[in-house]
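Structure first, commentary second.
Just so you know, all these numbers are worked out from the coordinates, no wet-lab data involved. Computed from a prediction, not measured in an experiment: that's the story for all the values here. All Cβ positions, glycine included, derive from the backbone under ideal geometry; neighbour counts span all protein chains shown.
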Amino acid sequence: MLRMNASFMLVTLAVLKALAVAQGSNPSVMIVLLVRNKETYLPYTLSQLSRLDYPKERLALWIASDHNQDRSAEILHTWLERYSLPYLSVEAFVNASSPSLRPDERSAVRLSPGRLRAVGDMKQEALKRARTLGIDMVWFLDADVVLHDRSVLRRLQSVRKPVVAPMLRSAGGYSNFQPSIGRTSPQEEDAFPRIYSGRVRGCFAVPLVRSCVLMDLRDPRTASLTFVSQSCELQREVETLDDAVALAISSRNSGLKMTVCNGEDFGLTPVPLSPTQELKDEWQNLLAMKLETLIDHPPMSVVPLMRLFLPPPPTKSRLGFDRIYVIGLGRRPERWRRLKACFDEIGIEAVRMLAVDGRKLTDEFLEERDIHPRGEGRKRFINKGEVGCSLSHYYIWRDVIKHNLSRVIILEDDSHPSADFPARLRQLVDEVDRLRPEWHFLYLFREAAFPDDFEPVEGSEHLVRPGFSYTTLAYALTRSGAETLLRDDPLKNLLCVDHYIPLMSGEVLFSEWMEVYPSAGTLRVYSGRENIIEPVKRIGEHGFVSDCTEVDDLFGEVSYGNEVEECNMETLT
């Protein structure tokens, strides 16, 4: 146990409170951190505290940890010895010798009544201590929360609400707020997706917040708030009567509203483990959070001391393929950095291929290479962005033949793998190799023209024969597939690659180009029933960029402008 002398703590607090009044500056805040079996997250959580944009002399720490089966106690001791000195006060109750389970527990994952009571009691004790010390605000922070913004505490304070939390997302659509306690009305049901998706933005009154909650003790209405439930009229309605529910009920009974803010991407919280899972599954949760972070933020990192507690990086592989290509614009290096960081996390070895930039295409360039862009169907033009897309993939198909590669994966650099991408890929490839060993082309992501337009492959759980599909964001290709795609010299009548693949697979039944391409219909194309990789951004999402619409110059017989968007992938340099 590490605990500072109480009299020293009180004197220090009094002096600094006087200084704060004189400077008109930061309220004192007690950070309450309860830790149990959080070795997976602790190096990152504690690093966040070290980097928090708030004066350490205005922060008090109240930390409790027991009944661990991992290195949580060791991590806490190591961090406290190095980083605790500047804080206003530190009270840390770290029991490294307590049994791994409480008397009524069957596993460290299952939430037993005794465990729920213990968590509520510890938070109540911390709240009482903060009131005794005259602390202005208490920040109850879960040990597995990932925060993107170093100034999040200041932002929560600026909301000026008695109980406020930033909205935290998770890879599974779980969040740290609820639109109701107990039975849910249709209006409350609609509130969650509207707030969670960001369709409405701001700060909203909600019945329950958890995981990252700031409480302002200067507001007299917070005097009756408690984490300990005396009696609960909703006992039969709520699934789990935990500390957050107890706080929500006491808040409601006090006539006080809780607030959640979604004005920005504040951070992440993991999906809670189910009773059938094990502690080791937290590593997969952390991996999902790391990948989610990379969509809009730099990679998660730790302070140097915490590197001692990180596992070694995964061994990289090509997932059973000869090569994994990533094609992207040379003028967008940040996309390659993001995807490479994802690959570093999940253990993928890939090569970057700079491709054709539609901005730089000229008529002279195309004439010298005997390249003739063509429109297709009702879209009688093709823009330079789409030509860049098609040429980028064409040159990789040629590279497959040149280097005699048996099978490859081709990804555009705006693809984003999930934590289970390698496992799902192996599962899908095993099925196609077993059931359709003659396959040429395997969509890993596709946009179907009609959602139900596919034919299940007999004997397969995941494999289908897809109908007309857009995008070449991510696919696997065999050497024979590359030969088929190149056989009829596609440069002489270069179509948007989104049209060319369906044409060659026989999904375009009426086209003027059927006679031009004798091999049309011979490309053996399959797909997973569900996509196993996703785009990092979709059309309409903040930050989405498509170079197909960015380049306005057109090729083709007639220009209708750029209102028809049928090649919604990246143009590659």
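On a 0 to 90 degree scale, rounded to 10, what angle separates helix 186-197 from the longest Cα axis of the chain?
Orientation of helix 186-197: about 70 degrees from the principal axis.
Relative to the longest principal axis of the chain, what angle (0 to 90°, nearest 10) does the C-alpha long axis of helix 72-83 take?
Orientation of helix 72-83: about 80 degrees from the principal axis.
Residues of region 48-72 with the amide nitrogen closer than 17 Å to a label point 7 Å from the Cα of Ser100, along Cα-to-Cβ, please.
So the set is 66-72.
Once Rh for region 2-291 is found with the Kirkwood sum over Cα pairs, what is the Stokes-Einstein diffusion coefficient at 37 °C and 0.692 mPa s, in µm²/s?
The Stokes-Einstein estimate is 167 µm²/s.
Report ³J(HN,Hα) in whole Hz for each residue of region 207-219, in order, from the Karplus equation J = 6.51 cos²θ - 1.76 cosθ + 1.60 where θ = phi - 60°; Gly and Pro get x.
3J(HN,Hα) across region 207-219, in whole Hz: x, 8, 10, 8, 6, 8, 10, 9, 10, 9, 6, 6, 7.
Considering the dipole of region 2-291 built from charges on the beta carbon (Lys and Arg +1, Asp and Glu -1) around the Cα centre, which of Val35, Met258, Asn176 is farthest to its positive end?
The listed residue farthest towards the positive side: Met258.
For region 323-556, restrict the atom set to alpha-carbon positions and state the Rg and Dmax in Å.
In Å, with Rg to one decimal and Dmax whole: 17.1, 52.
Which whole-Hz ³J(HN,Hα) couplings does region 417-432 yield from phi under the Karplus relation 6.51 cos²θ - 1.76 cosθ + 1.60, θ = phi - 60°, glycine and proline marked x?
Coupling constants for region 417-432: x, 8, 4, 9, 4, x, 5, 5, 5, 4, 4, 5, 5, 4, 5, 5 Hz.
Magnitude of the Cβ-charge dipole of the chain, K/R +1 and D/E -1, about the Cα centre, nearest 20 debye?
Dipole size: approximately 2660 debye.
Given the DSSP H assignment, sum -39500 (n - 2.57) over each helix run of at least 4 residues in the chain and divide by its residue total; what's the result at 222 nm in deg cm²/dmol, nearest 500?
Working: 15 runs with 179 residues, N = 573.
Rounded to the nearest 500, it is -9500 deg cm²/dmol.
Can you tell me what share of the DSSP beta bridges in the chain is antiparallel? A percent to the nearest 5 is fine.
50 percent
Enter the angle in degrees (range 0 to 90, nearest 10) between the Cα long axis of helix 113-133 and the first principal axis of the Cα atoms of the chain, meaning the one along which they spread out most.
The helix 113-133 is inclined about 60 degrees to the chain.
With only alpha-carbon atoms in the gyration tensor, what are the semi-axes of the equivalent ellipsoid for the chain, in Å, largest first?
The three semi-axes for the chain are 54, 24, 23 Å.
Report the full-extension gain for the segment Arg154 to Thr522: residue separation times 0.36 nm, less the Cα-Cα distance, to one decimal in nm. Write down the numbers at each step before the final one.
Working: separation 368, 0.36 × 368 = 132.48 nm, distance 6.13 nm.
Using 0.36 nm per residue and subtracting the Cα-Cα distance, I get 126.3 nm.
Please report the antiparallel percentage of the DSSP beta bridges confined to region 2-291, to the nearest 5.
45 percent
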